[in-house]
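Visitor: Quick one: the structure is below, questions incoming.
We did not get these values from a lab; they are worked out from the coordinates using the rules stated. Here the structure is a predicted model, which is why all the values come from computation and not from measurement. Neighbour counts are summed over all protein chains in view; Cβ atoms, including those assigned to glycine, are modelled from backbone coordinates with ideal geometry.
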Amino acid sequence: MPTTNTRSSARTRRNRSADGSTAKSSNGTSSKASVKKSPKSENGSEQGNSQLEKLFTDSLKDIYWAEKALTKALPKMQKKATTDELKAAIEEHLTQTEEQVSRLEQVFELCGKKAQAKKCDAMEGLIKEGESIVEETEDGSMTRDAGIIMAAQKVEHYEIATYGSLVQFAKTLGMEDAAELLEQTLEEEKETDQKLTEIAEGSVNQSAQQEDEEEEDDKEKK
Ligand code: FE
Ligand code: FE
Ligand code: FE
């Protein structure tokens, strides 16, 4: 089979998750086809107002706010990080995040809507949590990096959940071009999550623990 793992797993997910509402209807194929035929989207014309379309655009506004907030939060996190490895990973993801913001603007355009941000309470909370972790850990410590990685992975997981659903909503609404753009971002978020795991498991967590042992030794010597 020439299909890649990513593709086949994306298909599996599609079949059992976000577009379940249409798939589950008694005549899945024909109801799906009728959704796809509806004459809107991707040609710049005004969208219809189905509830799923509203949920889709509201969720786009939410993640648009979140990504823009991250373009401001990531440089601060990067400055506070200890290792060059983590700093570089954050910097790379900042570049991707800026790209993701403009990808969302393209998706709004495909919907025939003006790009608009609506405050995402969850992302605001996750960013605040990251800031507290920085405050509560020592400057220049490996524990600081372990904490930043944890906070960053919480952010990535929120994004993965959001983009996963948005891709499926777009497909269900017959917006293949939008789905493709959202899928590109989804893959970047997954790769970033994976990279953060590698950094944590590769050295940071171990060094953070050694740091604690050294501190204990110093206390005993005194
Ligand atoms: Fe993002
Ligand atoms: Fe949100
Ligand atoms: Fe991200």
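Visitor: Would you pull out the residues with amide H under 5 Å of C111's amide H, same chain only if 5 or more places away, H placed 1.01 Å from N?
Guide: E42
Visitor: What FRET efficiency would be calculated for the residue pair Q116, S203, taking the C-beta separation as r and a Förster radius of 35 Å, to the nearest 0.05? Could you put the intermediate results ahead of the total?
Guide: Details: r = 42 Å, r/R0 = 1.20.
That pair, Q116 with S203, gives E of 0.25.
Visitor: Okay, moving on. Residue by residue through the stretch 145-161, what is 3J(HN,Hα) from phi via Karplus (6.51 cos²θ - 1.76 cosθ + 1.60, θ = phi - 60°)? Round to whole Hz and write x for glycine and proline.
Guide: Running phi through 6.51 cos²θ - 1.76 cosθ + 1.60 with θ = phi - 60° gives 5, 4, x, 5, 4, 4, 4, 5, 5, 5, 4, 4, 5, 4, 5, 4, 4 Hz.
Visitor: Give me the percent of Cα-Cα pairs in the stretch 51-214 that sit more than 28 Å apart, rounded to a whole number.
Guide: 26
Visitor: Now, a different point. HN-Hα J couplings of the stretch 108-118 from phi, Karplus 6.51/-1.76/1.60, θ = phi - 60°, integer Hz, Gly and Pro as x?
Guide: For the stretch 108-118, the Karplus-derived couplings read 4, 4, 4, 7, x, 10, 6, 5, 9, 9, 10 Hz, x marking Gly and Pro.
Visitor: Which whole-angstrom value gives the distance between the alpha carbon centres of the stretch 200-219 and the stretch 59-116?
Guide: Using only Cα atoms to place each centre, the spacing works out to 32 Å.
Visitor: Here is a further query. Taking the Cα centre of the stretch 51-214 as the origin, how large is its charge dipole in debye, to the nearest 20, when only Lys and Arg (+1) and Asp and Glu (-1) carry charge on their Cβ atoms?
Guide: Roughly 980 debye, rounded to the nearest 20.
Visitor: Compare the peptides 116-126, 71-81, 208-218 by average per-residue count of other Cβ atoms within 10 angstrom and give them in order, highest first.
Guide: By packing density, highest mean first, the sequence is 71-81, 116-126, 208-218.
Visitor: Hey, another quick one. What residues have an amide H closer than 5 Å to that of T82, excluding those fewer than 5 places away on the same chain, when H is modeled at 1.01 Å from N in the peptide plane?
Guide: D145
Visitor: Between C120 and residues 5 or more places away or on another chain, which pairs have amide H atoms under 5 Å apart, with H built 1.01 Å from N, and which residues are they?
Guide: A66
Visitor: While we're here: For Q194 and E135 in the same chain, what is the full-extension length gain: residue separation times 0.36 nm, less their Cα-Cα distance, in nm?
Guide: That works out to 18.7 nm of additional length.
Visitor: While we're looking at this one, here's another question. With θ set to phi - 60°, apply the Karplus curve 6.51 cos²θ - 1.76 cosθ + 1.60 along the stretch 76-82 and write out the HN-Hα couplings as whole Hz, x wherever there is a Gly or Pro.
Guide: 5, 4, 4, 4, 7, 5, 8
Visitor: Can you find, among N205, V155, T172, the residue farthest towards the positive end of the dipole of the stretch 51-214? Put +1 on the C-beta of Lys and Arg, -1 on that of Asp and Glu.
Guide: Toward the positive end, the furthest listed residue is T172.
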